[in-house]
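One structure below.
Readers should treat all values here as calculations from the given coordinates under stated rules, not as data from a laboratory. All values reported here derive from a predicted model rather than from experimental measurement. For neighbour counting, all protein chains shown are included, and Cβ atoms are generated from backbone atoms with ideal geometry for every residue, glycine included.
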Amino acid sequence: MLENLRKVEQQRKASQRYYSRQKAAEAGGPGERLRHEITRSLREAQSIEKRLIFLEPGDGMALERIRGKSDLVGISYLELGLLAARPVCRIQIVNTFGRSEGYGTGFLVGPNLLLTNNHILDTAELAKKSFAEFEFEQDIKGRRKTSRSFDLRPDEIFVTDPDLDFTLVSVAPVATEGTELSDYGFLHLVEDTGKILTGEHISIIQHPDGGFKHCCLRENEVVDIFGNWLYYLTDTQPAASGSPVFNDQWLVVSLQHSGVPMKDAQGNILKTDGQPYREGIDNASTLAWVANESVRISCIIQALESRSENEPMAVEALCRLRSHVTGPAGPAVITAPESIHGAAMKLGELPAEHYLLADGYNPDFLGSLHPVPLPKLADNLQSRVAKLKDGREVLTYLHFSIVMNADRRLAFYTAVNIDGKKLENIKRGRDRWYFDPRLDQKFQAGPKLYEGNPLDRGHLVRRLDPCWGSNAREAGEDTFHFTNCSPQHERLNQRDWLEVEDYILKTADNTNERIAVFTGPVFREDDMIYRNEYLLPADFWKVVAFINKNGKLSATAYLRTQKNYLESLKFFDDEFKTWQVPVAQVEALTGLSFGLPADADPMARAATGKDLESQRRNIRRIRSAADIML
């Protein structure tokens, strides 16, 4: 089978690297070996210092394990291991003729994103026919569980690399049986190096030979780390291709991809009985193995970074990988979201001087030649604007501004400047939400709206969007004002807008990595009445403006919905879809005017020559960032 041929080729390359490394080490003269011994202790001390970053503060035995002086782990190690096993799946490889070609292992590493080997899924055509099977395992009584199968969607994301032997592919959000993929969580990939040291032991969760899910706990010692590769010893069968390789904190350190067969001094591959292996005659199960070679996670992410400038799917893959950025210390496993209805919301209060820093949205942020002012409200909406205590109408925060709807107690719109070159990844602390003291609280929908229900406080300006410049941390805190949130069903809020902002920031069509983003709800008179005092918006919109590579202003617009319709247009045939629409459509729905040039919107340009109503009805389904028309 083709999959076997690809696997054999990877084994050949792994063997060549391993034995070349061994030969180079043996060839070093006395002087080289002496220099190595002198510097080794210094290198080890530096490595251990870096390794400490990834340790749990309460794990008192961690350093002893790293130094090889203890095998003890806390009992929570097993509990976390069970969580880490859930995102691991069996991949059934189905060729273009519909025939099974074999099996592999894969694991979820972001929302609807699967990581496996290139030699398992090397083309989008193969991935389109194949599928991922979760819970193909036994229960505590040895009975087979009911597994769940999910289609792969390479048209959304398919990024593969034969040299590093990895493939990232998008997965359908719902199984053929109706189970949601998010129920399995995913494994958090940390791009920092230093997650494992030579001499430590690793654990593997896998589907060996396509069978039930198994684990190998702390049995294999890491013997070498160099370049893109990590080597660990084995005296049995190599680990299943596509398996995650874990450290003691259950962080994925590498992607298993090939075993290294044992050789004699003449370079002959050996069997377990010590005799030379005869290709085509001896059974492959008789091969003797000396090590496993796996691909370091940090190198996979570096490869994605280098490809992101020219490949939209690589950009989208990175966005999903970083959708829950938590820093190097974890958590290792991002579990399925659990709503705790009625949980107490923490409220805070910011000092008055905090608001003195607020510079607000800057209309000239994209350059004085292309000003993008705040939207204008239609005349019939002017009277509904909530005025501040000092009579002004615009609330200013660090790098963003908000205009509030007094009747709805929610924002008409938010406007934020994002500088992609200066963005800082500010770690999220314990959430505290704030009433803005500059605006009467009667104009701000507070805790009462969100208590005891599945409604989340959905950020309109995303938490990290204004986190740039000297006050990046304070800017992130500003996004936790009630003025910046809108009631969104928990399932909608926990699914992003396919990170359109991140894609546009990184695309080669954006000359300066700066964008202006406007976001808000769609208000309708027939919105659902909730608790006899709130009207819940069903739909949300976003407009993103930037300067394209031709030096011209460009703007794209998007809509999301919490129900299956939008006005009289029946194009929302299921929940939580994202659509690219003409800016004119957003203007018609909201009563806002963005004052953008007619040729700034690619959707409008595509509908040139059609009447205004036809232009508004011109829509584009967005499944991944690659679908965005710029």
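Brief remarks on what is shown
- Here the Kirkwood formula, the inverse mean of 1/r across different C-alpha pairs, assigns segment 152-208 a hydrodynamic radius of 14.8 Å.
- Restraint check, Lys376/Lys549; Lys13/Lys129; Lys213/Lys271, Cα-Cα greater than 30 Å: none
- The orientation-averaged projected area of the convex hull spanned by the Cα atoms of segment 93-184 comes to 6.4 nm².
- Our estimate of slack between Leu369 and Ala588, defined as 0.36 nm per intervening residue step minus the Cα-Cα distance, is 76.1 nm.
- The mean of 1/r over all distinct Cα pairs in segment 118-159, once inverted, gives the Kirkwood hydrodynamic radius of 11.9 Å.
- Three-way shape label, segment 437-478, alpha-carbon gyration tensor, a/c 1.5: oblate
- Spin-label model distance (nm) - Val394 vs Thr272, 7 Å beyond Cα toward Cβ: 7.5 nm
- The Cα-based radius of gyration of segment 76-131, divided by its Kirkwood radius, gives an Rg/Rh of 1.08.
- Global dimensions of segment 193-232 from alpha-carbon coordinates: Rg and Dmax equal 11.9, 33 Å.
- 21 Å Cα-Cα threshold exceeded, pairs from Lys421/Lys577; Lys448/Lys577; Lys389/Lys442: Lys421/Lys577; Lys448/Lys577
- Taking the Cα centre of segment 222-300 as origin and assigning +1 to Lys and Arg Cβ atoms and -1 to Asp and Glu Cβ atoms, the resulting dipole is close to 140 debye.
- With a simple spin-label model that places each label point 7 Å from the Cα along the Cα-to-Cβ direction, the separation between Leu78 and Glu180 comes to 3.1 nm.
- Measuring r between the beta carbons of Asp440 and Val223 and using R0 = 60 Å, the FRET efficiency lands at 0.35.
- FRET efficiency, Ala284 to Lys552 (Cβ-Cβ, R0 60 Å, nearest 0.05): 0.50
- Applying D = kT/(6 pi eta Rh) to segment 351-400, where Rh is the Kirkwood radius over alpha-carbon pairs, T corresponds to 4 °C and eta to 1.567 mPa s, the Stokes-Einstein value obtained is 101 µm²/s.
- Each listed q (0.13, 0.18, 0.19, 0.21 Å⁻¹) maps to a log10 I(q)/I(0) for segment 170-258 from the Debye sum over equal C-alpha point scatterers, namely -0.49, -0.86, -0.93, -1.07.
- Multiplying the residue separation of Ser20 and Asn618 by 0.36 nm and removing their Cα-Cα distance gives an extension gain of 209.4 nm.
- Seen through its C-alpha gyration tensor, with square-root eigenvalues sorted a ≥ b ≥ c, segment 404-470 comes out prolate because a/c lies at 1.5 or above while a/b is bigger than b/c.
- Length gained when the stretch Phe97-Arg307 is fully extended (0.36 nm per residue, less Cα-Cα span): 72.5 nm
- Per residue, the average separation of C-alpha pairs within less than 8 Å and at least 6 apart gives segment 180-331 a relative contact order of 23 percent.
- Note on segment 240-312: along the principal axes its Cα atoms extend 49, 33, 22 Å, ordered by decreasing extent.
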